[in-house]
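> Here it is: the structure, laid out below.
The values are calculated or read from the model by the stated rules, or taken from the named source; none is laboratory data. Everything numeric here is computed off the predicted structure, so don't read it as measured data. When we count neighbours, we look across all protein chains shown, and the Cβ atoms used for this are built from the backbone with ideal geometry, even at glycine.
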Amino acid sequence: MMTQTPKSECPTFALVGRVNAGKSTLLNFIAGQDVAIVSPVPGTTTDVVEKAMELRPFGRIVFLDTAGIDDESALWQERRLATKRAVERADVVVVVNPDDATEAFLADVKKPRIMVGRGVSSAPAGKGLPALPFIAVDTSDLSQRDTFLEAFKNAIEKTMPGLAGVENFLDGLVTPGGWIMHVVPIDSQAPKGRLILPQVMTLRAALDLNCRNVVTTEKEFSAALADLKTPPQLVVCDSQVVEKVMAALPEKIPCTTYSILMARSKGGLAELAAGAAAIDTLRDNDRVLVAEVCTHHAGGDDIGRVKIPNLLKRKTGKTLAFDFVSGGAEGLRAPPYALVVHCGGCMATRGQMAARIAQAKTAGVPITNYGVCIAHCQGVLTRALKPFMECGGLPPLSIRNEKAASSRRTP
């Protein structure tokens, strides 16, 4: 049973700074308890330390305490990489005792920042630094904790406008009192005894909107639909059965997938939908990167390693090469790819997905995700995106696809 907001859905803050800048001390100060080990010995923080806490009115947030950017230990390269991954995952970077070295480390990071000075009363001089929220605090004085938290919350409000995405997973798609039908296949990839996160989030969102829910498998879908006296306002299904569900569903009933809903929630649906156009321009011997955030044991019909490659080969009729990465996204900087197909991102933060989309864009590589890719390969993407276009969440599909296709290199 899920009793709290998943970490991937929580605003996430990476604490970044030099060795002994006081990042771990600040984390303990914020949490009001000893979460991270504090020591004057340089390099005490060796791996990223996570701490989730409730911060009204934002709800559950997550802090990531990182190793010093100037760590000189034998494992400095690994620690810097772990810090970079934490920054990629974060929605906001909290710079502790900012200086030129920290700014150089974050030079390519296009994310909101909050500066915290321990023992200093004003922001350091430098390009653009005074314009950033700055909070001075003496972490040895616990009486300052409440004052600091209020200042920190004010800084969050300044740096996070729109960061939480849509207020509800289903905003604009349904109205209170209507029916929503959830089509959930129970196959070899379904987790034993539970639903996957996007399914749970969609169901909860519907309940929050006072909608009525029908949950069924693809095998019972047609019978369940026939039993309803009024048609559902929306049908949401797993990407792997979207073709079957749409074939049996009257055109007038809106339908989309959990993966597409998740992409909308993370804020990257327009880019991922545009990236799908590159599928139609793939050529023989093109390389495709399949990237995932989480790690899991891949079964014989794994969606990323088996089903997606087979769909792309069948759709294009081309001989394609595939690389697979899980966890970190360093693979996006590797060989030149014609396409990146990313997982649904249910275990990624909004900031993490934004960073990966930006990374692919910088590399000039189209990027899409599992659900969008599957819908495109099965010829139902336009219908799956129609609910979002009708509520003003996306520009016309043809404009995005023409733009994406025109960016593909010519023979």
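Rundown of residues vs (1) of a type outside the set (Gly, Ala, Ser); (2) buried (at least 22 other Cβ atoms within 10 Å of the Cβ); (3) not assigned by TED's automatic domain parsing to the domain that holds VAL380, yes/no style:
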{"site": "LEU195", "(1), (2), (3)": "yes, no, yes"}
{"site": "THR216", "(1), (2), (3)": "yes, no, yes"}
{"site": "ALA223", "(1), (2), (3)": "no, no, yes"}
{"site": "CYS237", "(1), (2), (3)": "yes, yes, yes"}
{"site": "GLN240", "(1), (2), (3)": "yes, no, yes"}
{"site": "ALA248", "(1), (2), (3)": "no, no, yes"}
{"site": "PRO254", "(1), (2), (3)": "yes, no, yes"}
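> Let me ask another. Quick one: is ILE180 among the β-branched types (Val, Ile, Thr), closer than 30 Å to VAL95 by Cα and at pLDDT 80 or above? If you could, list the steps in order and put the result at the bottom.
Working: among the β-branched types (Val, Ile, Thr): yes; closer than 30 Å to VAL95 by Cα: no; at pLDDT 80 or above: yes.
No: the conditions fail for ILE180.
> May I pose another question? Which count do you get for residues in the range 339-386 that are assigned to a loop (DSSP other than H, G, I, E, B) and touching a helix residue (DSSP H, G or I) at 6+ places or on another chain (Cβ under 8 Å)? So that I can check it myself, show each step before the final result.
Going residue by residue through the range 339-386, those that are assigned to a loop (DSSP other than H, G, I, E, B) are 343-349, 363-366, 378-380.
From the residues that got through so far, the ones that are touching a helix residue (DSSP H, G or I) at 6+ places or on another chain (Cβ under 8 Å) too are 343-349, 363, 365-366, 378-380.
Of the residues in the range 339-386, 13 are assigned to a loop (DSSP other than H, G, I, E, B) and touching a helix residue (DSSP H, G or I) at 6+ places or on another chain (Cβ under 8 Å).
> Moving on. I want to confirm something. Restricting to the range 225-235 and keeping residues that are of a type outside the set (S, T, N, Q) and in contact (Cβ under 8 Å) with a residue 12 or more places away in the chain, which single residue is surrounded by the fewest Cβ atoms within 10 Å (Cβ to Cβ)?
Going residue by residue through the range 225-235, those that are of a type outside the set (S, T, N, Q) are 225-229, 231-232, 234-235.
Pick out the ones that are also in contact (Cβ under 8 Å) with a residue 12 or more places away in the chain and you get 225, 228, 231-232, 234-235.
Details: LEU225: 21, LEU228: 12, PRO231: 16, PRO232: 23, LEU234: 22, VAL235: 24.
By that ranking, first place goes to LEU228.
> Can you tell me which of (1) farther than 18 Å from ARG383 by Cα; (2) surrounded by fewer than 22 Cβ atoms within 10 Å (Cβ to Cβ); (3) hydrophobic (A, V, I, L, M, F, W, C) is the one ALA291 doesn't meet?
Failed condition: (2).
> While we're looking at this one, here's another question. Return yes when LEU207 is out of contact with any Gly (no Cβ under 6 Å at 6 or more places or on another chain), buried (at least 18 other Cβ atoms within 10 Å of the Cβ) and part of a helix (DSSP H, G or I) and no when it is not. First the steps, then the outcome.
Numbers: out of contact with any Gly (no Cβ under 6 Å at 6 or more places or on another chain): yes; buried (at least 18 other Cβ atoms within 10 Å of the Cβ): no; part of a helix (DSSP H, G or I): yes.
Criteria not met by LEU207.
> Another question, if that's okay. Pick from the range 210-240 the residues that are part of a helix (DSSP H, G or I) and of a type in the set (S, T, N, Q): which of them is farthest from ILE180 (Cα to Cα)?
Residues of the range 210-240 part of a helix (DSSP H, G or I): 221-227, 239-240.
After this cut, where a residue has to be of a type in the set (S, T, N, Q) as well, the list is 222, 239-240.
Values: SER222: 14, SER239: 17, GLN240: 19 Å.
The extreme case among them is GLN240.
> For the structure I just gave you, tell me whether ALA274 is among the aliphatic types (A, V, I, L, M), part of a helix (DSSP H, G or I) and in the same structural domain as GLN359 (by TED's automatic domain parsing). Even if it seems obvious, please write down each step before you answer.
Values: among the aliphatic types (A, V, I, L, M): yes; part of a helix (DSSP H, G or I): yes; in the same structural domain as GLN359 (by TED's automatic domain parsing): yes.
Yes, satisfied.
> Hey, another quick one. Step by step: first the residues of the range 100-129, then only those that are of a type in the set (D, E, K, R) and surrounded by fewer than 16 Cβ atoms within 10 Å (Cβ to Cβ), then the one that is modelled with the lowest pLDDT. Which residue is that?
Let us first name the residues in the range 100-129 that are of a type in the set (D, E, K, R), namely 100, 103, 108, 110-111, 113, 118, 127.
Among the residues that remain, those that are also surrounded by fewer than 16 Cβ atoms within 10 Å (Cβ to Cβ) are: 100, 108, 110, 127.
Numbers: ASP100: 83, ASP108: 84, LYS110: 82, LYS127: 51.
Among them, the one singled out is LYS127.
> Is one or more of the residues making up the range 76-97 at pLDDT 85 or above, more than 18 Å from the chain's Cα centre (by Cα) and at positive phi?
The answer is yes; a qualifying residue exists.
Residue-by-condition table, conditions (1) of a type in the set (Val, Ile, Thr); (2) without any contact (Cβ under 8 Å) to a residue 40 or more places away in the chain; (3) in contact with a strand residue (DSSP E or B) (Cβ under 8 Å, 6 or more places away or on another chain):
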position: ILE253; (1), (2), (3): yes, yes, yes
position: TYR258; (1), (2), (3): no, no, yes
position: ALA270; (1), (2), (3): no, no, no
position: ALA273; (1), (2), (3): no, no, yes
position: ALA278; (1), (2), (3): no, no, yes
position: ASP301; (1), (2), (3): no, no, no
